[in-house]
Amino acid sequence: ETGVTQSPTHLIKTRGQQVTLRCSSQSGHNTVSWYQQALGQGPQFIFQYYREEENGRGNFPPRFSGLQFPNYSSELNVNALELDDSALYLCASSLSGTTDSPLHFGNGTRLTVT
Amino acid sequence: AQSVSQHNHHVILSEAASLELGCNYSYGGTVNLFWYVQYPGQHLQLLLKYFSGDPLVKGIKGFEAEFIKSKFSFNLRKPSVQWSDTAEYFCAVILSGGYNKLIFGAGTRLAVHP
């Protein structure tokens with residue numbers, strides 16, 4: 001089975017720009033979650049998508065938005081980038097959105113905002 | 001707000017030493033508990049999980065963890081570490097009955113010297 005794949009692996013953007021990160025979920029998984037991992041910290045939950053709808057969101061501003069497509073792949077969009085948005089962005093997929101369904105993580109996209 | 005605390009940010013051990021990594025969470029309700037591991041250059045992988053039942057759970061690669069409800073703790077242990085255990089370890093909780101939102105600790109970076 002193919003795992004969770006994310007693209008690109010690295011990205012450099014300028015403050016104020018917009019960025020789109022992509023994620024392909026593991027085969028058979030219908031739920032995708034996004035996490036932000038700043039340097040020296042644990043991942044923080046951004047939001048979760050289940051069957052193309054957002055069904056949970058963490059403490060992130062509206063300029064963080066997402067999409068899930070019919071094939072369950074997903075995008076994370078960040079508008080008006082700030083320096084503090086520099087982080088590793090992790091995508092995770094699961095068989096369902098319930099708490100008994102383990103998350104499978106991708107390798108992440110490292111975003112640097114200058 | 002719910003949180004997860006990992007007591008040690010960096011741990012250095014020699015091969016064959018015993019390991020115990022501390023994890024405490026703050027939430028009075030029912031939780032599901034996890035330990036994830038991130039080897040250098042790799043994605044986060046599930047080491048073990050606790051949902052219910054026997055509070056002593058065994059995971060992959062000889063790791064185990066004990067859930068002590070009265071102490072809100074879920075410490076990770078391994079009797080004898082190997083050089084290949086060098087990695088970053090994250091404790092995480094999910095509030096049972098909700099959606100699949102993992103709350104992570106800040107992580108413990110383990111270095112095992114031959």
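The values are calculated or read from the model by the stated rules, or taken from the named source; none is laboratory data. Every value quoted in this text rests on a predicted model; they were computed, and no experiment measured them. Cβ placement follows ideal geometry from the backbone for every residue including glycine, while neighbour counts extend to all protein chains displayed. Calculation scope for accessible area: heavy atoms of the full protein, side chains included, ligands and nucleic acids excluded. Shrake-Rupley method; radii C 1.70, N 1.55, O 1.52, S 1.80 Å.
Computed from the mean reciprocal separation of all distinct C-alpha pairs, what Kirkwood hydrodynamic radius does the range A:9-64 have, in Å? Can you show the working numbers first?
On the way: mean 1/r = 0.0757 Å⁻¹.
When all Cα pairs of the range A:9-64 are included, the Kirkwood radius is 13.2 Å.
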(request) List, in order, the whole-Hz ³J(HN,Hα) value for each residue of the range A:23-30 obtained from phi through the Karplus relation with A = 6.51, B = -1.76, C = 1.60 and θ = phi - 60°; use x for Gly and Pro. (result) 8, 9, 6, 5, 3, x, 8, 10
(request) Read phi for every residue in the range B:81-92 and hand back ³J(HN,Hα) as whole Hz from Karplus 6.51 cos²θ - 1.76 cosθ + 1.60, θ = phi - 60°, with x for Gly and Pro. (result) 7, 10, 4, 5, 7, 4, 4, 10, 10, 10, 8, 8
(request) For the range B:25-41, take each phi angle, set θ = phi - 60°, evaluate the Karplus expression 6.51 cos²θ - 1.76 cosθ + 1.60, and give the result in whole Hz per residue in order, putting x for glycine and proline. (result) 10, 10, 5, x, x, 7, 10, 9, 10, 9, 10, 10, 10, 10, 6, x, x
(message) With a 10 Å cut-off between alpha carbons and a GNM built on chain A, which of A:101, A:93, A:65 moves the most?
(response) A:101
(message) Please compute, for the alpha-carbon atoms of chain A, the extent along each of the three principal axes and give them in descending order in Å.
(response) 37, 27, 26
(message) Under 10 °C and 1.306 mPa s, how fast does the protein assembly as shown diffuse according to Stokes-Einstein, given a Kirkwood radius computed over C-alpha pairs? Answer in µm²/s, whole number.
(response) 88
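Eigenvalues of the Cα gyration tensor times 5, then square-rooted: what semi-axes does that give for chain B, in whole angstrom, largest first? Each step should come with its number before you reach the end.
Details: eigenvalues 113, 40, 31 Å².
After scaling each eigenvalue by five and taking roots: 24, 14, 12 Å.
Below 8 Å between Cα atoms, with a sequence gap of 6+, how large is the relative contact order for chain A in percent? Mind dumping the intermediate values first?
Details: 300 pairs, mean separation 41.9, N = 114.
Rounded, it is 37 percent for chain A.
Excluding residue B:22 itself, calculate the net charge of residues whose Cβ lies under 12 Å from the Cβ of residue B:22, where each Lys or Arg counts +1 and each Asp or Glu counts -1.
Neighbourhood net charge equals 0.
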(request) Quick one: among B:25, B:50, B:39, which has the greatest mean-square fluctuation in a GNM of chain B with alpha-carbon springs under 10 angstrom? (result) B:39
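Give me the net charge of residue A:54's neighbourhood, meaning all other residues with Cβ under 14 Å from the Cβ of residue A:54; Lys, Arg count +1, Asp, Glu -1. Before the final figure, lay out the partial values.
On the way: positive: A:51, A:57, B:101; negative: A:52, A:53, A:75.
Computed value for this residue: 0.
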(request) Provide the net charge surrounding residue A:32, with neighbours chosen by a C-beta distance below 15 Å and charges set as Lys +1, Arg +1, Asp -1, Glu -1. (result) 0
(request) Calculate the radius of gyration of the Cα atoms of the range B:59-109 to one decimal place, then report Dmax, the largest Cα-Cα distance, as a whole number, both in Å. (result) 12.9, 38
(request) Determine, from the Cβ-Cβ distance of residue B:111 and residue B:66 and an R0 of 30 Å, the FRET efficiency 1/(1 + (r/R0)^6), rounded to the nearest 0.05. (result) 0.80
(request) Would you mind working out the accessible area per residue for the protein assembly as shown, using a 1.4 Å probe, and quoting it in Å²? (result) 47
(request) Would you check the accessible area of residue A:51, probe 1.4 Å, heavy atoms only, in square angstrom rounded to 10? (result) 140
(request) Show the residues, 5+ positions off or on another chain, whose built amide H is closer than 5 Å to the amide H of residue B:31. (result) B:96
(request) Sort out for me the Cα centre separation of the range A:31-93 from the range B:43-114, rounded to whole Å. (result) 24
